[in-house]
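Enquirer: Below you'll find the structure I mean.
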Amino acid sequence: MSAPRAVETVFRIESARIIAAVTRIVRDVGIAEELAQDALVAALEQWPESGVPERPGAWLMATAKHRAIDLVRRRETYARKLAEVGRALDEAHEPEAAYDPDDIDDDLLRLVFTACHPVLSADARIALTLRLLGGLTTAEIARAFLVPEPTIAQRVVRAKRSLAKAGVPFEVPYGPDRAARLDSVLEVIYLIFNEGYAATAGDDWLRPALCEDALRLARVLAGLMPGEPEVHGLAALLELQASRTAARTGPDGQPVLLADQDRARWDHLLIRRGFTALERAGTGPYSLQAAIAACHARAVTYEETDWATIAALYARLAALTPSPVVALNRAVAVSMAEGPAAALPLVDALAAEPALADYHLLPSVRGDLLARLGRAEEARAEFERAAALTRNERERALLHARARELASGNAP
């Protein structure tokens, strides 16, 4: 791997931890992100000459922290600032210290709660945290929100300014303050996991590091708030979804759809953890999605999946949190439970939804239904349209392959 590619890959994996650690020193998420970017630039300048370090993540962390300390020294008397930041500065000189992923005193969790402060609007909280914690680009966040890129860019910039102006502390709050931010925190963790589970753009179908961070944060949050059913609902959902990760790609990284997955490769420890968390879940949106994931986990084969129950759960979810994406997922379940003819009108009714105008899964689902109804040429056109809309290269290749199969008459 070339040095610039190594820099990009490592930074994408480590950026959230770097930003979180630097925020603890400078107490400003906007400045912390800038310092993390400075470390990235330094790596791009030095690694082609010196080679990629043995521990590239630790190199980036150390560089960003040292720049943060320099900034603190320039701003205020070092002794006074040292007393203020205390342990954070001591740790800054030991960037390769052992990291305990189960430690509730967690910079990443602090970063989530800080970015989800009530001083920000709900949309701004989510956009900022996806940017800082998930390492998502403006385009990827816009895709998750189904809104234009300039809208997201403005939200992120304004959010960082608002946090700095309000002097929001870098902490995991307690009592009512924690409860007030919970919905935003849950949504952010959920969206980060989704981006790792099915990457919006790029060459890879999965981004496992994002899934792992989201899953760990959900577990930590469940430990912090054991009496909150939706926290357990989210934890159950992520455990059950993560259990399928190893089976979702083939040897060359190509996507493997649910119907074709080798269920022996599913992680049964994660499935058991998911079922345990589901026992403590409630009836909220994450709990309902976890119940849907549990239906898949219980099915020994794809053919044994209880699609009728899944369709009913999606109907409950749509009533609780109406959304065109939920409606599309329900249509898929209806197609499996009652046949493609029953689902096609449901999908066609979504064609006028502005939020789905550029959503590649709408023509992809429609193409699948048309193929199952024997309308091959219409289905081929839908798969080609879906391929043109997706930004993920693996997914695009899969959709083109489906279109070619229909054109050749070899579609299953």
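Enquirer: Residue 404 - would you say it is open to solvent by 50 Å² or more (accessible area, probe 1.4 Å), more than 27 Å from residue 306 (Cα to Cα), assigned to a helix (DSSP H, G or I) and in contact with a strand residue (DSSP E or B) (Cβ under 7 Å, 6 or more places away or on another chain)?
Expert: Values: open to solvent by 50 Å² or more (accessible area, probe 1.4 Å): yes; more than 27 Å from residue 306 (Cα to Cα): yes; assigned to a helix (DSSP H, G or I): yes; in contact with a strand residue (DSSP E or B) (Cβ under 7 Å, 6 or more places away or on another chain): no.
So residue 404 fails the test.
Enquirer: Of the numbered conditions (1) without any contact (Cβ under 8 Å) to a residue 40 or more places away in the chain; (2) assigned to a helix (DSSP H, G or I); (3) under 25 Å from residue 143 (Cβ atoms), residue 337 satisfies every one except a single condition; which is it?
Expert: Every condition holds for residue 337 apart from (3).
Enquirer: Also, quick follow-up: May I ask you to say which residue of 286, 359 is open to solvent by less than 60 Å² (accessible area, probe 1.4 Å), at pLDDT below 95 and closer than 22 Å to residue 198 by Cα?
Expert: Result: 359 is the single residue among 286, 359 that is open to solvent by less than 60 Å² (accessible area, probe 1.4 Å), at pLDDT below 95 and closer than 22 Å to residue 198 by Cα.
Enquirer: Looking at the structure I just gave you, is residue 375 of a type in the set (Lys, Arg), surrounded by 15 or more Cβ atoms within 10 Å (Cβ to Cβ) and in contact (Cβ under 8 Å) with a residue 24 or more places away in the chain? Outline the logic, then answer.
Expert: Values: of a type in the set (Lys, Arg): yes; surrounded by 15 or more Cβ atoms within 10 Å (Cβ to Cβ): yes; in contact (Cβ under 8 Å) with a residue 24 or more places away in the chain: no.
So residue 375 does not fit the description; no.
Enquirer: Sticking with this structure for a sec: Being touching a helix residue (DSSP H, G or I) at 6+ places or on another chain (Cβ under 7 Å) and open to solvent by less than 40 Å² (accessible area, probe 1.4 Å) is the filter; apply it to segment 390-401 and report the residue that is nearest to residue 332 (Cα to Cα).
Expert: Step by step, filter segment 390-401, then rank; the result is 399.
Enquirer: To continue, here is another question. Within segment 372-393, track down each residue that is within 31 Å of the chain's Cα centre (by Cα) and of a type in the set (Gly, Ala, Ser). Before the answer, list the steps.
Expert: Start the filter on segment 372-393 by keeping residues that are within 31 Å of the chain's Cα centre (by Cα), which leaves 379-393.
Those that are within 31 Å of the chain's Cα centre (by Cα) and of a type in the set (Gly, Ala, Ser): 379, 381, 386, 387, 388.
For (1) among the acidic types (Asp, Glu); (2) under 19 Å from residue 390 (Cα atoms); (3) touching a helix residue (DSSP H, G or I) at 6+ places or on another chain (Cβ under 8 Å), each residue gets a yes or a no:
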site: 143; (1), (2), (3): no, yes, no
site: 149; (1), (2), (3): yes, yes, yes
site: 157; (1), (2), (3): no, no, no
site: 165; (1), (2), (3): no, no, no
site: 181; (1), (2), (3): no, no, yes
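Enquirer: Taking segment 206-242 only, how many residues are under 18 Å from residue 175 (Cβ atoms), in contact (Cβ under 8 Å) with a residue 60 or more places away in the chain and not aliphatic (A, V, I, L, M)?
Expert: The total comes to 1.
Enquirer: Okay, next question. Could you look through segment 230-255, keep only residues that are out of contact with any Phe, Trp or Tyr (no Cβ under 9 Å at 6 or more places or on another chain) and of a type outside the set (Asp, Glu), and pick out the one that is least open to solvent (accessible area, probe 1.4 Å)? Let's see the steps before the verdict.
Expert: Let us first name the residues in segment 230-255 that are out of contact with any Phe, Trp or Tyr (no Cβ under 9 Å at 6 or more places or on another chain), namely 250-252.
The next check asks that each one be of a type outside the set (Asp, Glu); those that pass are 250-251.
Values: 250: 18, 251: 131 Å².
This residue is 250.
Enquirer: Of the residues 293, 311, 376, 315, which single one is touching a Gly at 6+ places or on another chain (Cβ under 9 Å), more than 30 Å from residue 139 (Cβ to Cβ) and among the aliphatic types (A, V, I, L, M)?
Expert: Values: 293 fails: more than 30 Å from residue 139 (Cβ to Cβ); 311 fails: touching a Gly at 6+ places or on another chain (Cβ under 9 Å); 315 fails: touching a Gly at 6+ places or on another chain (Cβ under 9 Å).
Going through 293, 311, 376, 315 in turn, just one is touching a Gly at 6+ places or on another chain (Cβ under 9 Å), more than 30 Å from residue 139 (Cβ to Cβ) and among the aliphatic types (A, V, I, L, M): 376.
Enquirer: Only one of (1) within 20 Å of residue 323 (Cβ to Cβ); (2) in contact (Cβ under 8 Å) with a residue 40 or more places away in the chain fails for residue 391. Which number is that?
Expert: For residue 391, the exception is condition (1).
Enquirer: Find the helices (runs of 4 or more DSSP H) located wholly in segment 115-195 whose residues include 1 or more that are open to solvent by 10 Å² or more (accessible area, probe 1.4 Å) and free of Cβ contacts under 8 Å to residues at least 24 places away in the same chain, and list them. Walk me through how you get there before you give the answer.
Expert: Values: elements: 122-132, 138-145, 149-166.
The helices (runs of 4 or more DSSP H) meeting that bar are 138-145, 149-166.
Enquirer: Does segment 343-361 contain any residue that is over 22 Å from residue 322 (Cα atoms) and over 30 Å from the mean Cα position of the chain (by Cα)?
Expert: Pass one, segment 343-361, residues over 22 Å from residue 322 (Cα atoms): none.
No, segment 343-361 contains no residue that is over 22 Å from residue 322 (Cα atoms) and over 30 Å from the mean Cα position of the chain (by Cα).
Enquirer: Follow-up. Residue 300 versus (1) open to solvent by 50 Å² or more (accessible area, probe 1.4 Å); (2) under 22 Å from the mean Cα position of the chain (by Cα): which is the lone unmet condition?
Expert: Here residue 300 clears every test but (2).
The values are calculated or read from the model by the stated rules, or taken from the named source; none is laboratory data. Everything numeric in this text was worked out from a predicted model, so none of it was measured. FYI the Cβ positions are ideal-geometry reconstructions off the backbone, even for glycines, and counts take in every protein chain you see. Areas reflect the complete protein model, heavy atoms only, side chains present, ligands, DNA and RNA absent. Shrake-Rupley method; radii C 1.70, N 1.55, O 1.52, S 1.80 Å.
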